[in-house]
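Structure record follows, encoded as structure tokens.
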Amino acid sequence: MADQFDVIESGERGRRRWIGLAVVVALLLIPVVGLLASREPEPEAASPTATPEPIRSLRRLDNPPNVLNAHSTGKGDDELIQVVFPNGLRAEVRYPAELGLDEMGSRPFQGFWIGDRYRQLSAPYSGAIEVTRGGRPLRNYADNVTLWPRQAGSGTYGQVLLFEFGRWRLAMYDRGMGLTFDERVALAQAVHGKVTKDGYLVLSADDGAVRLAKPGATERGEPVGPQLWFGGGAGEMVVLAPTPGCKRDAPLPDVISGRGRPAASVCRGDIQVAAVGSPSFRRAAIEGIKVTVK
């Protein structure tokens, strides 16, 4: 009896081993067969004579909406663009094509005084969203001027007045004690902006309440007159600032010197050219940019 049970048990174990092996093999074959069945044929290789699609400039695609990309024309290894400063001064800028000032785009800057208080108007690099954060204004001072809360991490800066002039959005970041209600109303009513046919912003102010800083004007040793800022954000930057009697040791605009990176400048007649960025970028800007006032 014991031998019989041993034989029977031995036979059952052998048969179960074969059945188990068959099941394992079947389970392994199912995904392989499915993979082979669903696999698409390899695409045919592109013809070596096919013309690849042109690659568009990533620098231009990355430009935010509050930036003007002027149309450039080529002249040898250089390019030319026509610019208009916030005070209406027109100039032709010639620069090495490698700089790509047209693709970097420009933004206006203008300092001003309301009474004896200095403030400035600048174009946020990312447009209105940089100020509004998708929220609602605290107050409207005019159809085109709104008040926004103090931004987190803005240091000594307070609430923000946001001006709308056509396609442009200019911000005035208040300071210290801040302007009074009456001063803000006067500022909103006194400052005007006109967009030229080629997209530049020209600013003006009614006599009395507000005085726009003229070319060459300084505040605490920094130039605060009309300027054009090319580039920005965390990248390379060039600033053109009308500066009558420009001298080589003229102070740099705060947007350049305040970045904590090596910077350089040069005078092209009565225009200061200041640049911040890599050594090669600074060299190309300082040696290659030429400005002709019209």
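Please treat every number below as a calculation from the coordinates, not as lab data. Since we're looking at a predicted model, the values are computed, not measured. Cβ placement follows ideal geometry from the backbone for every residue including glycine, while neighbour counts extend to all protein chains displayed.
Calculate the FRET efficiency for Asp207 and Ala234 from the Cβ-Cβ distance with a Förster distance of 41 Å, rounded to the nearest 0.05. So, using R0 = 41 Å, E works out to roughly 0.55.
Applying the Karplus relation 6.51 cos²θ - 1.76 cosθ + 1.60 with θ = phi - 60° to the range 168-185 yields 3J(HN,Hα) values of 9, 10, 10, 10, 10, 8, 5, 10, x, 5, x, 5, 6, 4, 5, 5, 5, 4 Hz, where x marks Gly and Pro. Taking amide H as placed 1.01 Å from N in the peptide plane, Glu79 has its amide H under 5 Å from the amide H of Tyr95, Ala97, each at least 5 places away in sequence or on another chain.
Computed packing ranks the peptides 228-237, 73-82 as 228-237, 73-82, most packed first, by mean other Cβ atoms within 10 Å. Of all lysines in the structure, the ones whose alpha carbon falls short of 17 Å from that of Lys75, not counting any fewer than 8 places away in one chain, are Lys290. Rounded to whole numbers, the Karplus 3J(HN,Hα) couplings from phi for the range 77-84 are 8, 10, 10, 10, 9, 9, 10, 9 Hz, using 6.51 cos²θ - 1.76 cosθ + 1.60 with θ = phi - 60°, and x at Gly and Pro. Farthest toward the dipole's positive end in the range 58-293, which of Gly76, Ser280, Gly199, given Cβ charges of +1 (Lys, Arg) and -1 (Asp, Glu) about the Cα centre? Value computed over the given set: Ser280.
Counting only lysines at least 8 places from Lys214 when in the same chain, those with an alpha carbon closer than 19 Å to its own are Lys194, Lys247, Lys294. Compared with the alpha-carbon gap, the fully stretched path from Gln82 to Tyr157 is longer by 23.6 nm at 0.36 nm per residue. Annotation: the range 58-293 has a Kirkwood hydrodynamic radius of 18.2 angstrom, from the mean reciprocal C-alpha pair distance. Placing dummy labels 7 Å off each Cα toward the beta-carbon, the span from His71 to Arg133 is 4.1 nm.
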